[in-house]
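Every number here is computed from the coordinates shown, using simple stated rules; none is lab data. The structure presented is a predicted model; accordingly, all values stated were derived computationally and were not measured. Backbone-built Cβ (ideal geometry, glycine too); neighbour counts: all protein chains shown.
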Amino acid sequence: MSASDGTDDLTTTTELIDRARRGDADAVNRVFARIYPPLKRWTRGRLPGWARDMADTDDLVQESLVQTFKRLGEFDSRGAGALQAYVRQVILNRIRDELRRAGRRPAAAGFDGSEIDAGLSPLEQAIGREATERYERSLARLKDRDREAVIGRIELGLDDKELADLLGTPTTDAARKAAQRALVRLATEMRSDAERER
């Protein structure tokens, strides 16, 4: 892959966001190319299976990104992790809208509306709502780069190569180590958060 597609260079996503905010169309395309695939995977995991036909995952992610990029000049960029968190929230809001619309539609044959997802994400199902809230609070306290690494590894399920592209690290090993350190910091924050609740 060439550097022009944004996958083979060392330019950080944060630098690209800054350039995109100044009107650099190439930077917009490169940020889009970097964050679209993992956001698509993340969205697919959040959208209930029965709703995937009603809300095409590609369209949902693309429309959310377009909406975000139209307002990029107003966006307070605190790193690529902040952009991803913002876009994930836009996507979650759109998913909720789709689920509400689906709930207002006449029931399809064999469905009575009780199939609507209770709103628990796969993460919430795995660790519970209280732990998820602790995770979100702790994640917000991490430095931008650590937050980006955690989101990439845990929520988006990026492999080492994809994580290296996202973080702008020179090697996949550097990305793996960055994610490991970030996860240790997250665990420490979550432990401290749990102790404060006692």
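Here are the numbers:
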item: Per-residue Cβ neighbour rank within 10 angstrom, fewest leading, LYS177, LYS70; result: LYS70, LYS177
item: Label-point gap, in nm, between ALA25 and ILE154 - each point 7 angstrom along Cα→Cβ; result: 4.0
item: Sequence of GLU74, GLU130 once ranked by neighbouring C-beta atoms within 10 Å, starting from the fewest; result: GLU74, GLU130
item: In order through the range 159-171: 3J(HN,Hα) via Karplus (6.51 cos²θ - 1.76 cosθ + 1.60), integer Hz, x for Gly, Pro; result: 7, 4, 5, 5, 5, 4, 5, 5, 7, x, 7, x, 9
item: Those lysines that a straight Cα-Cα span of less than 20 Å connects to LYS177, excepting residues fewer than 8 apart in one chain; result: LYS143, LYS161
